[in-house]
Every structure is written in structure tokens, then in C-alpha cells.
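Colleague: Below are the C-alpha cells for one structure; questions will follow.
The values are calculated or read from the model by the stated rules, or taken from the named source; none is laboratory data. Quick caveat: nothing in here was measured; it's all calculated off a predicted structure. Cβ placement follows ideal geometry from the backbone for every residue including glycine, while neighbour counts extend to all protein chains displayed.
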Amino acid sequence: MKILLLAALLVPSTAFAQATGDPTGFASAADVKAQVESMRRAMEPGQGFMWKQLVRGSDAVAALEYWKKPGKPAVHPDQAEYVIVIAGNGTMLSGGRLVDPVTSNPTLIEGSRIEAGTTRPLHPGDVFLIPAGTPHWFGISGDRLVLLGTKIAQPLH
């Protein structure tokens with residue numbers, strides 16, 4: 001059974017494929033629901049986070065983020081992030097100042113905490129935009145927080 005599940009995860013899904021000649025990335029509500037369930041089943045005990053690309057359009061990528069545990073506070077210096085809460089509940093802390101910043105890669109700076117940010121509760125259907133360079137962190141209430149996030153490249157000023 002585990003081999004079949006692993007094989008299913010490794011084979012690219014055609015459900016999210018783009019039509020020839022049409023640059024539009026598309027995933028139906030059923031596709032999103034199935035992908036969230038697939039991610040739930042694939043997470044190992046103790047695993048706190050999983051990321052899975054859903055659709056791509058030019059430089060923008062829309063991906064599902066499945067959180068079971070909070071990660072580190074983060075900043076994406078040259079990417080804005082448009083997010084919709086798909087499932088679960090949580091908290092977002094954003095703005096303020098990232099403390100103890102460490103560059104993990106060119107698109108990600110992580111820190112130990114955020115000072116003087118704004119805290120907001122998160123529920124399914126909530127929508128938000130995190131501008132490039134803005135510190136943010138997600139807390140999880142209950143067993144999960146599932147987000148659909150689209151990273152949008154922004155020119156550095």
C-alpha cells in the first residue's frame with residue numbers, strides 16, 4: 001500500500017495540466033480538495049509542514065501549504081504573497097520587525113520572532129496579501145491550517 005501511495009505521489013498529476021496553447025493554470029475545487037486530502041495522508045508523524053505546487057502561470061506559483069506546526073517567522077524580500085485560507089484555523093502575525101534574521105536562500109529570510117506585529121485570527125475563506133519584505137508567521141489552532149498561497153515576484157526598490 002505504501003509503495004502505491006509513494007508511486008501516486010511521484011507521478012505528475014495531469015489534473016492540473018495547462019491546455020496546449022492556453023497559458024492559464026487551472027485546478028477545480030475538486031482538484032484542490034483531493035490535493036489537500038492527498039497531502040494529509042502523505043504527512044509523516046511529527047512532520048509540521050508540506051508544500052505542493054497547484055498551478056503555475058509565468059513567474060507566479062500557486063501552492064498549497066499544509067501546516068500542522070508553526071514554522072519560523074519569515075520574510076520574502078522580493079515576493080508578495082496572496083493567500084486564501086482553505087481549511088483549519090490559525091493565527092497570522094505580520095508586519096513589525098523580524099528579530100535575528102538569517103538568509104536561508106535568496107527568496108527567504110527567517111528569524112526567531114516578530115516584534116510589534118499585528119495578530120489576526122485565520123478561518124476558512126479569509127484572504128490576505130503580504131507585501132514583499134513584510135515579516136509574517138502562522139500559528140495553528142487545532143490540527144491543521146491549509147493555505148493556498150501565490151508568490152508574486154516584486155521588483156526590489
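Colleague: For the range 142-150, does any single residue satisfy the condition of being within 22 Å of residue 64 (Cβ to Cβ), of a type in the set (Lys, Arg) and crowded, with 18+ Cβ neighbours inside 10 Å?
Modeller: Step one: list which residues in the range 142-150 are within 22 Å of residue 64 (Cβ to Cβ), which gives 142-150.
This time we only want the ones that are of a type in the set (Lys, Arg), so: 144.
So of that shortlist, the ones also crowded, with 18+ Cβ neighbours inside 10 Å come out as 144.
Within the range 142-150 (the criterion being within 22 Å of residue 64 (Cβ to Cβ), of a type in the set (Lys, Arg) and crowded, with 18+ Cβ neighbours inside 10 Å), the answer is yes, since at least one residue qualifies.
Colleague: Quick check, is residue 66 in contact with a Lys or Arg (Cβ under 7 Å, 6 or more places away or on another chain) and assigned to a strand (DSSP E or B)?
Modeller: Spelling it out, residue 66 is indeed in contact with a Lys or Arg (Cβ under 7 Å, 6 or more places away or on another chain) and assigned to a strand (DSSP E or B).
Colleague: Same structure, new question: What are the residues in the range 43-90 that are farther than 21 Å from residue 153 by Cβ and without any contact (Cβ under 8 Å) to a residue 40 or more places away in the chain, if any?
Modeller: 43, 44, 45, 46, 47, 48, 49, 50
Colleague: Kindly indicate which of 60, 15 is within 21 Å of residue 129 (Cβ to Cβ), modelled with pLDDT under 85 and not basic (Lys, Arg).
Modeller: 60
Colleague: Has the range 82-94 got any residue that is crowded, with 19+ Cβ neighbours inside 10 Å, not hydrophobic (A, V, I, L, M, F, W, C) and not in a strand (DSSP E or B)?
Modeller: Taking every residue of the range 82-94 in turn, none turns out to be crowded, with 19+ Cβ neighbours inside 10 Å, not hydrophobic (A, V, I, L, M, F, W, C) and not in a strand (DSSP E or B).
Colleague: For residues that are surrounded by fewer than 19 Cβ atoms within 10 Å (Cβ to Cβ) and in a loop (DSSP other than H, G, I, E, B), tally how many sit in the range 101-131. Steps first, answer last, please.
Modeller: Taking the range 101-131 as the starting set, the residues that turn out to be surrounded by fewer than 19 Cβ atoms within 10 Å (Cβ to Cβ) are 101-108, 110-113, 115-116, 118-121, 123-129, 131.
If we keep only those that are in a loop (DSSP other than H, G, I, E, B) as well, we get 101, 106-107, 111-112, 116, 123-126, 131.
Here the count works out to 11.
Colleague: Let me ask another. Just to verify a result, which residue in the range 69-81, among those that are within 14 Å of the chain's Cα centre (by Cα) and either assigned to a strand (DSSP E or B) or among the charged types (D, E, K, R) (or both), is surrounded by the fewest Cβ atoms within 10 Å (Cβ to Cβ)?
Modeller: 69
Colleague: For the range 28-57, name all the residues that are small (Gly, Ala, Ser), modelled with pLDDT under 95 and either surrounded by 13 or more Cβ atoms within 10 Å (Cβ to Cβ) or in contact with a His (Cβ under 6 Å, 6 or more places away or on another chain) (or both).
Modeller: The one that is small (Gly, Ala, Ser), modelled with pLDDT under 95 and either surrounded by 13 or more Cβ atoms within 10 Å (Cβ to Cβ) or in contact with a His (Cβ under 6 Å, 6 or more places away or on another chain) (or both): 57.
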